[in-house]
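Asks: The structure follows.
The values are calculated or read from the model by the stated rules, or taken from the named source; none is laboratory data. Worth saying up front: this structure is predicted, and the values here are computed from it rather than measured. Glycine also receives a Cβ, built like all others from the backbone with ideal geometry; neighbour counts cover every protein chain displayed. Keep in mind that these areas ignore ligands, DNA and RNA; they rest on the heavy atoms of the full protein, side chains included. Shrake-Rupley method; radii C 1.70, N 1.55, O 1.52, S 1.80 Å.
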Amino acid sequence: MGSLDPPSNSQGGKALIHDDDDENHRAASDVRSELSPAANDSAGTPTENDSSKRRKSGVLPLEVGTRVMCRWRDGKYHPVKVIERRKMSSGEPNDYEYYVHYTEFNRRLDEWVKLEQLDLDSVETVVDEKVEDKVTSLKMTRHQKRKIDEIHVEGHEELDAASLREHEEFTKVKNIATIELGRYEIETWYFSPFPPEYNDCTKLYFCEFCLSFMKRKEQLQRHMKKCDLKHPPGDEIYRSGTLSMFEVDGKKNKVYGQNLCYLAKLFLDHKTLYYDVDLFLFYVLCECDDRGCHMVGYFSKEKHSEESYNLACILTLPPYQRKGYGKFLIAFSNVMLLYEIAYELSKKEGKVGTPERPLSDLGLLSYRGYWTRVLLDILKKHKGNISIKELSDMTAIKAEDILSTLQSLELIQYRKGQHVICADPKVLDRHLKAAGRGGLEVDVSKLIWTPYKEQG
């Protein structure tokens, strides 16, 4: 669940039904041809002198921790840090591939690169990171250090420093580079702890209906001839046009729930992988056509949450992002919460909800956008004063989430020991315009569902 957004080709999936070459790959190949030694020689430019060659060979192979400039898919050079290296099969002593982290970008863009993508003239001396951090911290103001600390742990607020280091060490290298799911081939973002027998795979093939995964395309093709499913293995609780939502009980569909968690972890850095999925319900959103119901994304929730979490995990698959599905999933979880409140009210108990922390960077953006839209709509229409408690009762959003959202919009002030909402109509209009469209609407009349507590 702030960061630099990944580029469109990394965030989306490549449709397998198209034969067109990827523009970025064409651009990268153009750059390679421009920078190749043969091309430079033919143009009459001087070759490297012997001392330069000796100096470059002296830094090879690059050590883990080395900082260097690397040519990215946009054809430009960006600063990277070498995270890991592996020997190539050619047998040459300095023939390595390097796994690098682009220090300007989110970890989801880390990748293996060839030596020719690195500018060896820019190699920086490897330094002890503890010493480097100490020297850097001496040069920082207190405010700067606090900002760095906030950025460092974002998405991992539940981890102490030792656990965070252990998490980053264990997950530092992506084990699966791409997956095939339905008609899409999707570049992964993060490490996912698949069983050991898949350690030698860089690509996995998923059945888009039961989420079984295989090493080879032929295995998937054989599986698809035998798989009877054309939708997630659960109850359809919502159908509006081509959109369907299925409720999958982790206890009744244990393998599906576990496979969904493996899949989700490829795109969620912070996610804790639960092997005991019995305690969770999964709500899988699908686009439906004559071939079946194709997963767009999902959210999960605990069957019994002591902390009143109305959502444990949320993911929109990369090919379907930026289409309003994330906001739809959030709105859907909130509609379900309101239904639960209707049952609770009959017992004279109020109820509000909040997503389980930590949220991923994209999850936080989606939720903040949803809360912003809902609260601005109410404030725009409401006449007279309104309290945070009243907003919470109307929306089922937790008071702390309302407070943080209104503070980020600068719509709240602290006066005489209490928070006061300052909702100037012009300011509200400006924020509503900046918030953009509200995403896909949930048609509550199409929801056929009973809360889990009442199902028992």
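Asks: Largest first, how would LYS203, LYS301 line up by accessible area (1.4 Å probe)? Kindly include the intermediate steps, with their values, before the conclusion.
Replies: On the way: LYS203 45, LYS301 15 Å².
Ranked from most to least accessible, the order is LYS203, LYS301.
Asks: Once the whole set of protein chains is in place, how much accessible area is left on CYS210, using a 1.4 Å probe, in Å² to the nearest 10?
Replies: Rounded to the nearest 10, the figure is 20 Å².
Asks: Ok, one more. Given the whole protein assembly as supplied and a 1.4 Å probe, what does the accessible area of PHE332 come to in Å², nearest 10?
Replies: Probe radius 1.4 Å; accessible area of PHE332 about 0 Å².
Asks: Which ³J(HN,Hα) values in Hz, rounded to whole numbers, follow from the phi angles of the stretch 254-263 under the Karplus curve 6.51 cos²θ - 1.76 cosθ + 1.60, where θ = phi - 60° and Gly and Pro get x?
Replies: 4, 5, 4, x, 5, 5, 5, 5, 4, 4
Asks: How big is the stretch 370-456 in terms of Cα radius of gyration and Dmax, in angstroms?
Replies: Cα only, the stretch 370-456: 15.4, 49 Å (Rg, Dmax).
Asks: Another one. Could you give each residue of the stretch 226-241 its phi-based ³J(HN,Hα) in whole Hz, using Karplus coefficients 6.51, -1.76, 1.60 with θ = phi - 60°, and x for Gly or Pro?
Replies: Per residue, the Karplus-derived 3J(HN,Hα) values read 9, 6, 8, 6, 10, 7, x, x, x, 8, 6, 10, 8, 8, 9, x Hz.
Asks: So, one more: Residue-wise, which Karplus ³J(HN,Hα) couplings in Hz belong to the stretch 114-123, taking 6.51 cos²θ - 1.76 cosθ + 1.60, θ = phi - 60°, and x for glycine or proline?
Replies: In residue order, the calculated couplings are 7, 4, 5, 7, 9, 8, 5, 5, 9, 4 Hz.
Asks: What do you reckon, how do ASP110, ASP269, ASP228 stack up by accessible area (1.4 Å probe), largest on top? Please list the in-between numbers first.
Replies: Working: ASP110 5, ASP269 30, ASP228 145 Å².
The residues order as ASP228, ASP269, ASP110, largest area first.
Asks: Same structure, new question: Going through the stretch 376-425, which GluC sites (Glu not before Pro) have at most 16 other Cβ atoms within 10 Å and a DSSP loop state? Display every interim value, and only then the final one.
Replies: Values: sites: GLU390, GLU400, GLU410; in loops: GLU410.
Of the GluC sites (Glu not before Pro), the ones in loops of the stretch 376-425 whose Cβ has at most 16 other Cβ atoms within 10 Å are GLU410.
Asks: Next up: Starting from the coordinates of the alpha-carbon atoms of the stretch 214-293, obtain the Kirkwood hydrodynamic radius over all distinct pairs and give the value in Å to one decimal. Numbers along the way, then the final one.
Replies: Numbers: mean 1/r = 0.0709 Å⁻¹.
Result for the stretch 214-293 stands at 14.1 Å.
Asks: Cα centroid distance between the stretch 305-338 and the stretch 205-229, in Å?
Replies: About 27 Å separates the Cα centre of the stretch 305-338 from the one of the stretch 205-229.
Asks: As a test of reading the structure, rank HIS304, HIS294, HIS231 by solvent-accessible area (1.4 Å probe, protein chains only), most first. Show your work: numbers first, answer last.
Replies: On the way: HIS304 120, HIS294 15, HIS231 70 Å².
Result, largest first: HIS304, HIS231, HIS294.
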